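Notes follow the structure.
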Amino acid sequence: MRTERAARPYPRPALLVDGIGPETTWEQAADVLGAPDRARSTGDTWNVGSRFLTISFAGDRVQRIGAMISPR
């Protein structure tokens with residue numbers, strides 16, 4: 001049985017995605033990653049190889065970074 005754990009902030013957020021950290025603005029993220037492949041009110045998503053990177057912003061700063069790996 002899998003037990004869900006509450007999400008906790010990553011202790012070193014600046015190391016998650018090279019060039020993107022907690023103080024990164026949307027414009028800076030777009031400079032690093034290019035235009036997002038999908039823009040939604042919950043966050044913008046970029047396809048990075050076989051992975052999907054979603055970044056949510058609070059105001060104009062990074063609030064949350066999520067990554068998913070597509071099944072092979």
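If you take the residues in the stretch 60-72 that are touching a helix residue (DSSP H, G or I) at 6+ places or on another chain (Cβ under 8 Å) and closer than 15 Å to GLY19 by Cα, which one is surrounded by the fewest Cβ atoms within 10 Å (Cβ to Cβ)?
ILE65
Which condition number does ILE20 fail, the rest of (1) at pLDDT below 90; (2) out of contact with any helix residue (DSSP H, G or I) (no Cβ under 9 Å at 6 or more places or on another chain); (3) surrounded by 15 or more Cβ atoms within 10 Å (Cβ to Cβ) being met?
All conditions pass for ILE20, except number (2).
Among residues belonging to the stretch 28-59 that are in a helix (DSSP H, G or I) and free of Cβ contacts under 8 Å to residues at least 24 places away in the same chain, point out the one that is surrounded by the most Cβ atoms within 10 Å (Cβ to Cβ).
LEU33
Name the one entry in SER70, SER56, SER50 that is modelled with pLDDT under 75, in contact with a Ser or Thr (Cβ under 7 Å, 6 or more places away or on another chain) and not hydrophobic (A, V, I, L, M, F, W, C).
SER70 is the lone residue from the list that is modelled with pLDDT under 75, in contact with a Ser or Thr (Cβ under 7 Å, 6 or more places away or on another chain) and not hydrophobic (A, V, I, L, M, F, W, C).
Answer with yes or no whether ARG8 is of a type in the set (D, E, K, R) and modelled with pLDDT of 85 or more.
For ARG8, the condition - of a type in the set (D, E, K, R) and modelled with pLDDT of 85 or more - is not met.
The values are calculated or read from the model by the stated rules, or taken from the named source; none is laboratory data. Keep in mind that what you see is a predicted model, and the values were worked out from it rather than measured. Here the Cβ is made from the backbone with ideal geometry for all residues, glycine too, and neighbour counts use every protein chain on show.
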